[in-house]
1. Apply the Karplus curve 6.51 cos²θ - 1.76 cosθ + 1.60, θ = phi - 60°, to the phi angles in region 23-28 and return the couplings in whole Hz, x for Gly and Pro.
2. Give the Rg/Rh ratio for the chain, taking Rg as the radius of gyration of the Cα atoms and Rh as the Kirkwood radius, to two decimals.
3. Set the Förster distance to 25 Å, then compute FRET efficiency between Val67 and Glu11 from the Cβ-Cβ distance, nearest 0.05.
4. Which value in deg cm²/dmol, rounded to the nearest 500, describes the helix-derived mean residue ellipticity at 222 nm for the chain, given -39,500 (n - 2.57) per DSSP H run of n ≥ 4 and division by the residue count?
5. Only Lys, Arg, Asp and Glu count, each charged at its Cβ (+1, +1, -1, -1), so figure out the dipole size of the chain about its Cα centre, rounded to 20 debye.
Amino acid sequence: MSAIDLHKKVEAIRAREDLAEFIECLREDLIKNPSDWENVELSSFLEAMAAWVRDMDGFYHNLNKPVPEKPTWRIFGFILLAARTYE
C-alpha cells in the first residue's frame, strides 16, 4: 500500500472499527514494505508517536486547520500514520 493510499484510509476513519481496519492496513504495510518505514522497531515507533503528538499543532497549522481540542478516532489514526516515518 502506498503512502497516498494510507493517507486516504486515515482520512476515511469515522469510527472505532475504521481505526481497527486502518491499524491492520498499517501492519500489512510494515510487513510488505518495511523499507518505507523509518520506525520499524516498537521503541522508535513509540518515540515517534510521542514526538508527533507533542508537535501536532504544527501539522494542523501547516494545513491551515484548527488544532483539534478533543481526540477522535481519525486523529489517533493520524498519530499512528505519522509515527511510521516521523523522526
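1. Along region 23-28, the couplings run 4, 4, 5, 4, 4, 4 Hz.
2. 0.95
3. Efficiency, rounded to the nearest 0.05: 0.90.
4. Values: 4 runs with 58 residues, N = 87.
Rounded to the nearest 500, the figure is -21500 deg cm²/dmol.
5. So the dipole magnitude of the chain works out to roughly 300 debye.
Laboratory data are not the source of any read-out in this text; all were calculated from the coordinates shown. Being a predicted model, the structure only gives us computed values, none of them experimental. Positions of Cβ are backbone-derived with ideal geometry, glycine not excepted, and every protein chain shown enters the neighbour counts.
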